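Following: one structure in structure tokens, then a few remarks.
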Amino acid sequence: MSCSITLKELSYENSSKKIFENVNLNVGHEEKVAIVGANGAGKSTLLRVIAGLEYSYKGDLELFHNKISSKKEYKKFRSDIGYLPQDVNDYFLCPVVIEDVMFNLRAKGINKEEAYCKALNILESMNISHLKDRTIFDLSGGEQKIVALASILITEPKILLLDEPTNALDSSAEKRVVDILNSIKKSMIIVSHHKTFIQKLAPTVYTLNKNGLELN
Ligand SMILES: Nc1ncnc2c1ncn2[C@@H]1O[C@H](COP(=O)(O)OP(=O)(O)OP(=O)(O)O)[C@@H](O)[C@H]1O
Ligand SMILES: [Mg+2]
């Protein structure tokens, strides 16, 4: 199987305690996998490791069959990864919605007009074009979450790591996110506590617990 993400005997501990251990996982090309587990089980920390934000793990992390052993090696794959954090408060780089959604495209050298058109298209497809001129910090938690998702999807990463993508969304926004994510053929790891959301999206569900990842 062609794998986008492979984890072998991955473990992580911070200065005070072991967060998770014995984590083994293969996420195939365009496969959608969900991870559930109790509060504090280490789901967000695991996603942060895969997203290249925590390096002091033990075991193997491979992206597209390349073993990642350092920050430098991760750099080559950073643009392939779209990571939505659980808390999007610190995520935004520009104060205005449309500018923020354009930001990653502008950073890739795409000119302002093209970036603007693409940003508007993605906001329309997600039914949030009415927010385009709003200040990010005046948006509700759910609105912020869906804007953050737009700014990730616009760069068309090969892998999506989504930490509780629907935790502040109302039912119609959640349905929109389900439809959007179902229409995207990419490898994904989705962390969520919402069972019905997961059922609509990911055929494979694991629980993270003290033994590692167990198939549900
Ligand atoms: N920056 C940090 N410093 C110290 N401990 C941390 C830090 N981040 C997380 N932890 C601890 O690591 C453990 C795992 O946290 P993590 O956020 O990964 O859990 P989670 O499974 O995502 O939980 P939830 O379902 O509540 O989001 C928790 O005990 C938490 O207190
Ligand atoms: Mg979490």
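Any residue that is surrounded by 14 or more Cβ atoms within 10 Å (Cβ to Cβ), among the acidic types (Asp, Glu), touching a helix residue (DSSP H, G or I) at 6+ places or on another chain (Cβ under 7 Å) and at pLDDT 95 or above - is there at least one of those in segment 161-184? Yes, that holds for at least one residue.
The single condition among (1) within 17 Å of the chain's Cα centre (by Cα); (2) surrounded by 16 or more Cβ atoms within 10 Å (Cβ to Cβ); (3) within 16 Å of ligand 1 (Cβ to nearest atom) that Thr207 does not meet is (1). Being basic (Lys, Arg) and more than 8 Å from ligand 1 (Cβ to nearest atom) is the filter; apply it to segment 1-59 and report the residue that is nearest to Lys186 (Cα to Cα). Per the stated criteria, the residue is Lys32. Is there a residue in segment 125-137 that is over 26 Å from Ile5 (Cβ atoms) and part of a strand (DSSP E or B)? Yes - at least one qualifying residue is present in segment 125-137.
Take the conditions modelled with pLDDT of 95 or more, touching a helix residue (DSSP H, G or I) at 6+ places or on another chain (Cβ under 6 Å) and among the hydrophobic types (A, V, I, L, M, F, W, C) and apply them to Ile98. Does it pass?
Details: modelled with pLDDT of 95 or more: yes; touching a helix residue (DSSP H, G or I) at 6+ places or on another chain (Cβ under 6 Å): yes; among the hydrophobic types (A, V, I, L, M, F, W, C): yes.
Taking the combined requirement at face value, the residue satisfies it.
Do we have Leu105 as in a helix (DSSP H, G or I), touching a residue at least 40 places away in the same chain (Cβ under 8 Å), within 16 Å of ligand 1 (Cβ to nearest atom) and surrounded by 19 or more Cβ atoms within 10 Å (Cβ to Cβ) here? Give the derivation first.
Working: in a helix (DSSP H, G or I): yes; touching a residue at least 40 places away in the same chain (Cβ under 8 Å): yes; within 16 Å of ligand 1 (Cβ to nearest atom): no; surrounded by 19 or more Cβ atoms within 10 Å (Cβ to Cβ): yes.
No: the conditions fail for Leu105.
Criterion first (surrounded by fewer than 19 Cβ atoms within 10 Å (Cβ to Cβ), among the aromatic types (Phe, Trp, Tyr) and without any contact (Cβ under 8 Å) to a residue 40 or more places away in the chain) does Tyr116 satisfy it? Here the answer is yes, as Tyr116 does meet what is asked. Counting residues in segment 43-58 that are part of a strand (DSSP E or B), surrounded by 16 or more Cβ atoms within 10 Å (Cβ to Cβ) and more than 15 Å from the chain's Cα centre (by Cα) gives one or more. You will find that of Ile122, Ile98, Ile128, Ile180, the residue that is away from ligand 2 (no atom under 16 Å from the Cβ), closer than 26 Å to Thr45 by Cα and touching a residue at least 12 places away in the same chain (Cβ under 8 Å) is Ile180 and no other. Condition test on Lys158, is it basic (Lys, Arg), under 27 Å from Phe64 (Cα atoms) and modelled with pLDDT of 95 or more? Criteria met by Lys158.
The values are calculated or read from the model by the stated rules, or taken from the named source; none is laboratory data. For clarity, every value in this text was computed on a predicted model and none was experimentally measured. Heads up, the Cβs are rebuilt from the backbone with ideal geometry, glycines too, and the neighbour counts pull from every protein chain shown.
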